[in-house]
Amino acid sequence: MNYIYIIILVVIAMALQRYFIYLQSKNYTQMLIELRQKGDVGFGVAKGAFSGCAVILCSDAGGTVIDSKIMRGFSTFSRFKDLSEILGENIDDLYNKAYTDKKYGKSIKTAVEQIRNLKNKEEN
């Protein structure tokens, strides 16, 4: 009889996890839609054993960051927050900058590479 309660508990936990993953992906999609209306968008992610970092950059035609978001953590409760410290900087400067936080730096560089690739496709 105790096994039934354990199975029910596991099923409820899995359903809750799926719901929170849905909310997190909905937040991600909404951020991308908002930022794509402003300019070119790049997304970078760096995973770790117990935490990760995801960055969304939005730049104008000149390569200046006009909006940016960051999400840190490993749980499904993490949400994107404003990353105002890099607003107004050029994406090339961000790419060449040395970062003390390796995950943050890798996320920034991946997002910049995506923006560069997008601009190269638009030029061709």
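All of the numbers you see were taken from the coordinates with simple rules; none came from a lab. Keep in mind that this is a model prediction, so the values were computed, not measured. Virtual Cβ from ideal backbone geometry, glycine too; neighbours counted across all protein chains shown.
List the number of the failed condition for residue 110; all other conditions in (1) more than 23 Å from residue 22 (Cβ to Cβ); (2) touching a strand residue (DSSP E or B) at 6+ places or on another chain (Cβ under 6 Å); (3) surrounded by 20 or more Cβ atoms within 10 Å (Cβ to Cβ) hold.
Going through the list (1) more than 23 Å from residue 22 (Cβ to Cβ); (2) touching a strand residue (DSSP E or B) at 6+ places or on another chain (Cβ under 6 Å); (3) surrounded by 20 or more Cβ atoms within 10 Å (Cβ to Cβ), residue 110 breaks only (3).
Take the residues in the range 1-60 that are under 30 Å from residue 89 (Cα atoms) and of a type in the set (S, T, N, Q); name whichever of them is farthest from the chain's Cα centre (by Cα).
37
One line per residue, one yes/no per condition, for (1) under 23 Å from residue 121 (Cβ atoms); (2) aliphatic (A, V, I, L, M):
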position: 13; (1), (2): no, yes
position: 18; (1), (2): no, no
position: 31; (1), (2): yes, yes
position: 35; (1), (2): yes, yes
position: 40; (1), (2): yes, no
position: 52; (1), (2): no, no
position: 65; (1), (2): yes, yes
position: 81; (1), (2): no, no
position: 93; (1), (2): yes, no
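Which residue is nearest to residue 107 (Cα to Cα), if the candidates are limited to the range 48-71 and must be charged (D, E, K, R) and touching a residue at least 24 places away in the same chain (Cβ under 8 Å)? Break it down into steps so the answer makes sense when it comes.
In the first step, residues of the range 48-71 are kept if they are charged (D, E, K, R); the result is 60, 67, 69.
After this cut, where a residue has to be touching a residue at least 24 places away in the same chain (Cβ under 8 Å) as well, the list is 67, 69.
Details: 67: 15, 69: 11 Å.
Here the answer is 69.
So residue 69 fits all but one of (1) surrounded by 11 or more Cβ atoms within 10 Å (Cβ to Cβ); (2) over 16 Å from the mean Cα position of the chain (by Cα); (3) of a type in the set (D, E, K, R); what number is the exception?
Result: residue 69 passes all but (2).
Please tell me if residue 21 is assigned to a helix (DSSP H, G or I), loosely packed, with under 12 Cβ neighbours inside 10 Å, out of contact with any Cys (no Cβ under 6 Å at 6 or more places or on another chain) and touching a residue at least 24 places away in the same chain (Cβ under 8 Å). Explain how you work it out, then say what you get.
On the way: assigned to a helix (DSSP H, G or I): yes; loosely packed, with under 12 Cβ neighbours inside 10 Å: yes; out of contact with any Cys (no Cβ under 6 Å at 6 or more places or on another chain): yes; touching a residue at least 24 places away in the same chain (Cβ under 8 Å): yes.
When the stated conditions are applied, residue 21 passes them.
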